[in-house]
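The values are calculated or read from the model by the stated rules, or taken from the named source; none is laboratory data. These figures come from a predicted structure and were not determined experimentally. Note that we place each Cβ from the backbone using ideal geometry, even for glycine, and neighbour counts take in every protein chain shown.
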């Protein structure tokens, strides 16, 4: 096993252990935190894909990406 694979396994084990040891309150707060982090990552990708877009357009694209086209 390569050092990268070993590191990845160790990180995964730490994340699993931390998740199991988390209190109910921490688990409930993790949902919104993870959602915000995901939105930031998606927006960064959208900015790369649409460099001409302003913040309003990026926000619209984010909503479309997250929730899909609900106009149907």
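In table form, for the structure just shown:
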quantity: Cβ-Cβ under 9 Å pairs, at least 6 apart or on other chains, segment 18-33 side on the phi < 0 side of the Ramachandran plot and touching a residue at least 40 places away in the same chain (Cβ under 8 Å), far side assigned to a helix (DSSP H, G or I) and surrounded by 11 or more Cβ atoms within 10 Å (Cβ to Cβ); calculated: none
quantity: Residue satisfying all of: in segment 23-72; modelled with pLDDT under 95 and in a loop (DSSP other than H, G, I, E, B); surrounded by the most Cβ atoms within 10 Å (Cβ to Cβ) among these; calculated: 68
quantity: Yes/no for residue 8 being under 14 Å from the mean Cα position of the chain (by Cα), part of a helix (DSSP H, G or I) and either at pLDDT 95 or above or surrounded by 12 or more Cβ atoms within 10 Å (Cβ to Cβ) (or both); calculated: no
